[in-house]
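Structure first, then comments.
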Amino acid sequence: MSVNSKTVKASAKLLRVSPRKLNLVAASIRNMKVGAALVQLNFSKKRIAQDVYKCLRSAIANAENNNGLDIDNLVVSSATVGKALVMKRMQPKGRGRAGRVFKFFSNLYLEVTEVEGSK
């Protein structure tokens, strides 16, 4: 990457999926050109891939409209997943007992970078 590259960020917060599952989708688009990443997400079978697709489109729009970057030279430089809140619920079990159910939420942070003279 060149020294004068510009970075643009976008985030999606409180996604109703565990960070572990979201990280599988995020890892599949890291260091990819944005065009290839959009195709990868569009044809993914994972449910959360549609939310990652929306966040990536937002990052591309931010780069084009706010920073005036060329969208043909954009690369997903970083896709970070973080923990958000956890809802705790109870599930009835046998013999009058209860089991705990954790419903995880995640945050997604994407960074796209313009690379000069990319392949």
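The values are calculated or read from the model by the stated rules, or taken from the named source; none is laboratory data. These numbers were taken from a predicted model, which means no experiment stands behind them. So basically every Cβ, Gly included, is an ideal-geometry build from the backbone, and we count neighbours across all protein chains shown. All accessible areas refer to the heavy atoms of the entire protein, side chains included, with ligands and DNA or RNA removed. Shrake-Rupley method; radii C 1.70, N 1.55, O 1.52, S 1.80 Å.
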Can you name the condition, by its number, that Leu24 falls short on among (1) touching a strand residue (DSSP E or B) at 6+ places or on another chain (Cβ under 9 Å); (2) open to solvent by 100 Å² or more (accessible area, probe 1.4 Å); (3) under 23 Å from Ser106 (Cα atoms)? (1)
Enumeration of residues in the range 86-108 that are surrounded by 10 or more Cβ atoms within 10 Å (Cβ to Cβ) and either under 28 Å from Ile29 (Cβ atoms) or among the small types (Gly, Ala, Ser) (or both): Val86, Met87, Ala98, Gly99, Lys103, Phe104, Phe105, Ser106, Asn107, Leu108
List the residue pairs whose Cβ atoms are under 8 Å apart, where the first residue sits in the range 44-73 and is closer than 17 Å to Asn107 by Cβ, the second is of a type in the set (Ser, Thr, Tyr) and open to solvent by 50 Å² or more (accessible area, probe 1.4 Å), and the two are 6 or more positions apart or on different chains. Cys55/Ser11
Specify which of the listed residues (Ala63, Ala59, Ala84, Ala37) is modelled with pLDDT of 95 or more, part of a strand (DSSP E or B) and out of contact with any Cys (no Cβ under 6 Å at 6 or more places or on another chain). Ala84
I'd like the residue in the range 1-34 that is assigned to a loop (DSSP other than H, G, I, E, B) and in contact with a Ser or Thr (Cβ under 6 Å, 6 or more places away or on another chain) and, out of all such residues, is nearest to Val75 (Cα to Cα). Ser5
Starting from the range 83-106, keep only residues that are within 26 Å of Leu14 (Cβ to Cβ) and in contact (Cβ under 8 Å) with a residue 12 or more places away in the chain, then list their pairs with residues that are polar (S, T, N, Q) and not in a strand (DSSP E or B) whose Cβ atoms are within a distance under 7 Å, requiring at least 6 positions of separation or different chains. Phe104/Ser18; Ser106/Ser18
Taking Lys45, is it part of a strand (DSSP E or B) and either of a type outside the set (D, E, K, R) or exposed (fewer than 14 other Cβ atoms within 10 Å of the Cβ) (or both)? no
